[in-house]
Amino acid sequence: MTAKIEEKLGTLHYTIDKEAHIKVNFDACNDCENKACIRGCPAQCFELVQDEVKFQYEDCIECGTCKILCDKKAIEWNYPRGTFGVVFRKG
Amino acid sequence: MVESVDTIVVGAGPAGSATAYSLAKAGHEVLLVERGKTPGEKNVSGGVLYGSVLHELIPNFWDEAPLERVITNRNLVFLSGESSFSLDFSSSKLEKPPHNGYSVIRYDFDQWFAKQAEETGALLATGIRVDDLLWENKQIVGIKAGSDEIRAKVVVAADGINSTLVEQAGLRKDLKAKYIALGIKEVIGLPRDVIENRFNLEHNEGTAHTYLGCTKGYPGGGFLYTNQDSLSLGIVLKLPIFKTKSHSKAPEFIDHLKQFPYIRRLIKEGTRLEYSAHLVPEGGYHGLSKLYTDGFLVTGDAAGLTLNIGYALEGMNFAIASGVAAAKTILRAHKQNDFTQSTMKHYQKLMNQSFVLKDMKTFRNAPAIVSSPRLMKSYPDFINNLALDLYQSTASPRPKLINLILKHVVHEISLPHLFIDGIKAVRGL
Ligand SMILES: Cc1cc2nc3c(=O)[nH]c(=O)nc-3n(C[C@H](O)[C@H](O)[C@H](O)COP(=O)(O)OP(=O)(O)OC[C@H]3O[C@@H](n4cnc5c(N)ncnc54)[C@H](O)[C@@H]3O)c2cc1C
Ligand code: SF4
Ligand code: SF4
């Protein structure tokens with residue numbers, strides 16, 4: 001049985017900034033063969049919808065995987081501003 | 001906010017708090033900056049804290065620090081489908097401080113450690129993300145956070161694996177996927193007495209499990225640590241896995257782990273309290289960044305100071321040791337009133353002499369060995385199938401042990417591979 005990602009992320013506390021801390025240049029995604037970000041992101045922030053890569057920063061758990069996996073350097077990556085983002089109480 | 005201090009430490013994980021604590025203890029002015037609202041809320045580890053380094057810094061820390069359990073049992077488990085084969089070791093000798101390990105929850109532990117630094121005299125500023133280094137004549141002279149600029153004689157990068165400061169200082173290029181692993185963890189709540197019965201533990205005793213054969217044949221492994229009233233169950237996966245096509249998404253690997261009957265029993269009736277993920281530097285000696293430049297030192301994960309030798313992952317203790325060495329270097333630089341590379345390089349010397357870089361050098365080939373595809377699949381299958389043939393009773397005559405071994409070796413692993421891996425493991429681990 002695989003649990004839905006919503007159930008997992010539902011255990012976390014977030015303070016969401018209105019400004020995205022990660023930005024993706026989707027032009028590069030079109031001819032990206034691997035699309036490793038989709039498999040690698042532990043929060044499933046990347047998704048393929050009708051052959052197009054979609055990204056949402058709100059669920060991000062700030063690991064840095066996507067930045068390292070993206071060979072096209074299409075990801076402008078940062079942590080959220082101070083006080084924003086995810087909180088782990090049992091990390 | 002103050003505009004100038006002697007030393008700025010970026011990041012209140014174990015590396016940063018150790019640096020700030022050591023400096024404050026020597027009466028030195030130090031500012032510890034953390035992006036989280038509280039230290040620890042951004043941090044994730046397995047995690048077993050090995051005690052001896054922290055004991056040198058804060059004697060008998062176990063009397064006050066928020067620790068979960070003393071690790072008195074270690075279990076290396078080869079998982080293969082319905083079967084499991086374990087090497088289980090328990091000893092009350094493992095209980096004796098300071099050479100022992102404790103399970104910790106970072107939200108509690110990091111908060112406590114940063115507070116020790118603060119109470120000793122360090123200034124702690126939380127909720128502030130450091131964005132840039134401040135430069136003057138090609139020298140690092142402080143930090144920028146939003147519109148604030150703070151100057152310092154030395155900046156210490158203790159900002160963890162995704163350190164932006166190390167890159168800005170020109171001490172490391174982009175992180176290479178082959179040197180990094182993704183750790184995904186679920187904390188599973190269970191009553192204390194259930195944990196103690198299930199794992200055969202007494203009051204504060206705890207266990208640490210390492211799993212092989214649970215990563216669908218990809219390089220990585222699993223772990224389970226007992227906390228007071230929860231289990232930390234997780235999986236560590238080498239990042240290049242995700243560059244190969246046609247296999248599961250990252251979160252599915254932990255679901256896969258939970259389906260092994262061995263694990264299913266251990267977590268039965270538990271509730272998922274938290275899901276988390278964090279990167280681990282796993283390049284070992286080959287994955288290290290440069291450790292210093294003018295007015296700048298790099299500690300802990302930011303420098304890549306961790307060691308995974310398959311049955312143990314060390315990082316927090318390395319981080320603390322590097323923080324202590326960084327503080328010594330800064331105090332010495334102050335005496336000489338020189339903060340250029342010529343005094344900063346003393347840090348490299350101290351690290352070379354410490355167990356951290358010695359171990360990382362000794363085990364420099366370990367990352368390659370512990371990520372061998374055979375270790376991930378063939379050996380766990382081999383050992384479990386062999387055990388099954390040994391213990392299962394059938395109506396046919398029993399073969400001799402040696403014939404059984406040869407049968408499985410031919411089936412599951414080739415003899416030359418077994419030989420080569422054996423030599424590599426003996427020499428590398
Ligand atoms: C799944 C997993 C299991 C592990 N198991 C173990 C184990 O059993 N035993 C062990 O010893 N080690 C273990 N480790 C490794 C260990 O967690 C790390 O090596 C250790 O935390 C490194 O400490 P650090 O202080 O260098 O970095 P971190 O603990 O990452 O601390 C960095 C700090 O800097 C802050 N920060 C980052 N950027 C900024 C910025 N720009 N501005 C301000 N603040 C910033 C962060 O919020 C954080 O508090 C494990 C790691 C993982 C992921
Ligand atoms: S890996 Fe990079 S380029 Fe490829 S799909 Fe993901 S973000 Fe786009
Ligand atoms: S940082 Fe981690 S959690 Fe956030 S989007 Fe990237 S891969 Fe996903």
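The values are calculated or read from the model by the stated rules, or taken from the named source; none is laboratory data. Just so it is clear, the structure is predicted and the values come from calculations on it, not from any experiment. Neighbour counts are summed over all protein chains in view; Cβ atoms, including those assigned to glycine, are modelled from backbone coordinates with ideal geometry. Surface accessibility is based on the protein's heavy atoms, side chains included, excluding ligands, DNA and RNA. Shrake-Rupley method; radii C 1.70, N 1.55, O 1.52, S 1.80 Å.
For the reader, a short list of remarks on this structure follows.
- For chain B, the longest principal axis of the C-alpha atoms and the axis of helix B:415-428 are separated by about 30°.
- Neighbourhood charge, 13 Å Cβ-Cβ cut-off, centred on B:GLY121 and excluding it, Lys, Arg +1 and Asp, Glu -1: -2
- Just so you know, the averaged projected area of the alpha carbon convex hull for the stretch B:166-248 sits at 8.0 nm².
- For chain B, the average shadow cast by the Cα convex hull is 22.6 nm², which is a quarter of the hull's surface.
- Look at the alpha carbon pairs under 8 Å that are at least 6 residues apart: their mean separation over the length of the stretch B:354-429 gives a relative contact order of 52 percent.
- Electrostatic bookkeeping for B:GLY40 treats Lys and Arg as +1 and Asp and Glu as -1; over the other residues with beta carbon under 11 Å from its beta carbon, the sum is +2.
- Computed per residue of chain B from DSSP H runs no shorter than four, each worth -39500 (n - 2.57), the mean residue ellipticity at 222 nm is -10500 deg cm²/dmol.
- Across chain B, C-alpha contacts under 8 Å between residues 6 or more apart give a mean separation that, scaled by the residue count, equals a relative contact order of 20 percent.
- In degrees, nearest ten, helix B:341-353 long axis to first principal axis of chain B (Cα): 30
- Peptide B:43-51 is shielded by partner chain Cβ atoms: per residue, an average of 1 of them sit within 10 Å of its Cβ.
- For B:GLY206, the residues whose amide H sits under 5 Å from its own are B:VAL70, B:ILE71, B:THR72, B:ASN73, ignoring neighbours fewer than 5 places away on the same chain, with H placed 1.01 Å from N.
- Looking at the stretch B:229-313, the trypsin sites (Lys or Arg not before Pro) that sit in a DSSP loop and have at most 14 other Cβ atoms within 10 Å of their own Cβ are B:LYS245, B:LYS268, B:LYS290.
- Net charge of the neighbourhood of B:GLN228, taken over other residues with C-beta under 9 Å away and scored Lys/Arg +1, Asp/Glu -1, is 0.
- Highest-first arrangement of A:73-82, B:121-130, B:45-54, where packing means the average Cβ count within 10 Å: B:45-54, B:121-130, A:73-82
- The stretch B:98-187, relative contact order in percent, only Cα pairs under 8 angstrom and at least six apart counted: 14
- Test item: B:312-319 mean partner chain Cβ contacts at 10 Å: 0
- Pairs of Cα atoms in chain A fall into 10 Å distance bins, from 0 up to the last occupied one, in shares of 16, 48, 30, 6 percent.
- Filter on A:LYS8/B:LYS377; B:LYS243/B:LYS290; B:LYS178/B:LYS245; A:LYS18/B:LYS243 - keep pairs with C-alpha separation over 20 Å: A:LYS8/B:LYS377; B:LYS243/B:LYS290; A:LYS18/B:LYS243
- Considering only B:LYS42, B:LYS335, B:LYS115, the Gaussian network model of chain B with Cα springs below 10 Å gives its largest mean-square fluctuation to B:LYS335.
- Scattering curve values for the protein assembly as shown, log₁₀ I(q)/I(0), Debye with Cα scatterers, q = 0.06 Å⁻¹: -0.28
- Mean silhouette area of the stretch B:239-300, derived from the convex hull of its C-alpha atoms and averaged over all directions, reads 7.5 nm².
- To the nearest ten degrees, helix B:250-259 and the longest principal axis of the Cα atoms of chain B are 40 degrees apart.
- A probe of 1.4 angstrom, applied to the heavy atoms of all protein chains, finds B:SER393 with accessible area near 100 square angstrom.
- Fluctuation leader among B:GLU64, B:GLU41, B:GLU118 - chain B, Gaussian network, Cα springs under 10 angstrom: B:GLU64
- Our helix-only sum for chain A, with -39,500 (n - 2.57) per DSSP H run of n ≥ 4 divided by its residues, gives a mean residue ellipticity at 222 nm of -4000 deg cm²/dmol.
- Heavy-atom accessible area for A:ARG89, with the other protein chains in place and a 1.4 Å probe, reaches approximately 110 Å².
- For the peptide A:75-86, the mean number of other protein chain Cβ atoms found within 10 angstrom of a residue's Cβ is 5.
- Considering only B:ASP159, B:ASP359, B:ASP381, the Gaussian network model of chain B with Cα springs below 10 Å gives its largest mean-square fluctuation to B:ASP359.
- Backbone geometry of the stretch B:125-138 corresponds, through the Karplus equation with coefficients 6.51, -1.76 and 1.60 at θ = phi - 60°, to 3J(HN,Hα) couplings of 10, 9, x, 10, 8, 6, 9, 8, 8, 9, 10, 8, 6, 6 Hz, x marking Gly and Pro.
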